[in-house]
Structures are given as structure tokens and as C-alpha cells.
1. Can you tell me which residue among 70, 98 is within 18 Å of residue 112 (Cβ to Cβ), without any contact (Cβ under 8 Å) to a residue 40 or more places away in the chain and hydrophobic (A, V, I, L, M, F, W, C)?
2. Of everything in the range 77-89, what is in contact with a strand residue (DSSP E or B) (Cβ under 7 Å, 6 or more places away or on another chain) and either surrounded by fewer than 15 Cβ atoms within 10 Å (Cβ to Cβ) or of a type in the set (S, T, N, Q) (or both)? Give them in sequence order.
3. Could you figure out which of (1) among the polar types (S, T, N, Q); (2) surrounded by fewer than 11 Cβ atoms within 10 Å (Cβ to Cβ); (3) assigned to a strand (DSSP E or B) isn't true of residue 63?
4. Name the residues in the range 37-58 that are part of a loop (DSSP other than H, G, I, E, B) and at pLDDT 90 or above, would you?
5. Among 129, 142, 118, which is more than 25 Å from residue 35 (Cβ to Cβ), among the small types (Gly, Ala, Ser), within 16 Å of the chain's Cα centre (by Cα) and surrounded by 11 or more Cβ atoms within 10 Å (Cβ to Cβ)?
6. On the given criteria, is residue 114 in contact with an Asp or Glu (Cβ under 8 Å, 6 or more places away or on another chain) and basic (Lys, Arg)?
7. Could you please give the count of residues in the range 1-36 that are in a loop (DSSP other than H, G, I, E, B) and either of a type in the set (Ser, Thr, Tyr) or modelled with pLDDT of 95 or more (or both)?
8. Could you list, in sequence order, the residues of the range 36-55 that are β-branched (Val, Ile, Thr) and either on the phi > 0 side of the Ramachandran plot or surrounded by 11 or more Cβ atoms within 10 Å (Cβ to Cβ) (or both)?
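The values are calculated or read from the model by the stated rules, or taken from the named source; none is laboratory data. Because the structure is a prediction, the values reported are computed rather than measured. Cβ placement follows ideal geometry from the backbone for every residue including glycine, while neighbour counts extend to all protein chains displayed.
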Amino acid sequence: METFFYIVPTIMIVGVLFLAYKTLGRTRQVRAAWDSGVTAEGRCLRTYTSTSGGSGDTSVSTTLHHVYEFTTRDGRAYRFDESGGPGTVIEGDIVTVFYAPEHPEGATARPPSRGKLAAGTGCLLAFFAVFIVFCVVAMVAAHTVFSETDGLIP
């Protein structure tokens, strides 16, 4: 029973660390795309939404996604899916795509907004840090309870 209170929070911490890694990777990709100064004309091929939540007392959260296609300067075509884009972009619209020539797969159609990107990434990482602290505190509390009772729950 005691190991349950160590294994579950540890798995949750590993999952959150993986999400933090992915978040930082995408932030680096977007910044590299903006910093390269290379743009291409792209087209919105499709828009769709994904939903999460809605069970019990939680509210439903909807995220708008866009699928874009563009051609690099050397003639290679790329297609990418980007979430959280503007609701004013619809299928068939022409957009400006920013990409780094060495990594066109990390393209973005978001206009440069370094402060907004940093704030969003910072807030997400702060949330992840609080979650990890909560998991560690839960493990310490469980250790304290089990060490005081020799593994027996009173």
C-alpha cells in the first residue's frame, strides 16, 4: 500500500516533466521560425476543434486547430497542424508562414509575438512546477504517515 503513494506521484511527475520538455521544444521551434526571418505563403487546408473536460463539474474546453500547407524556397511542400490559432482564419485563406530553413517542420502561422510566447510558456511551466511540488509534498506526507504508524493506517 505504501508503494502506491510513491509510484503514482512519481509517474505523474515524469508525465509533467515530459510535457514541460515538449512545451520548451515547441517554444524553441516557434522562436527559431520567427528569428530566421524566412517566410512563405501558406494556405489553410482545414480547421477543426478538439474538446476536453465536461465530465462532472468540469467545464468543456474547446481548442481551435488549423492545418496549413506551404512550400519552402527549395520547392519542398510541408503540411502542419497548429492549435490555438485565430478564429478568423478559415479553409482556403492565405497566411504567412514563418519557418527556419533547416527545420521547416517546425513552422508556425502565428505572427511574431515574443512576449506573449514567453508569458504563455512561463505560466505553463509555473503550473507544472506547482503540480510537481504538490506531488512531492504528497509523497513526503505519505512517508511521514507510514513511518509513524509502521505502515499501518490508524
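1. Details: 98 fails: without any contact (Cβ under 8 Å) to a residue 40 or more places away in the chain.
From the options 70, 98, the qualifying one is 70.
2. The answer is 77, 79, 81, 83, 84, 87.
3. Residue 63 satisfies all of (1) among the polar types (S, T, N, Q); (2) surrounded by fewer than 11 Cβ atoms within 10 Å (Cβ to Cβ); (3) assigned to a strand (DSSP E or B) except (2).
4. Initially, the range 37-58 is screened for residues part of a loop (DSSP other than H, G, I, E, B), giving 37-38, 54-58.
Residues satisfying the conditions are 37, 38.
5. Residue meeting the stated conditions: 129.
6. The answer is no for residue 114.
7. Residues meeting the conditions: 1.
8. 38, 39, 47 - these are the residues of the range 36-55 that are β-branched (Val, Ile, Thr) and either on the phi > 0 side of the Ramachandran plot or surrounded by 11 or more Cβ atoms within 10 Å (Cβ to Cβ) (or both).
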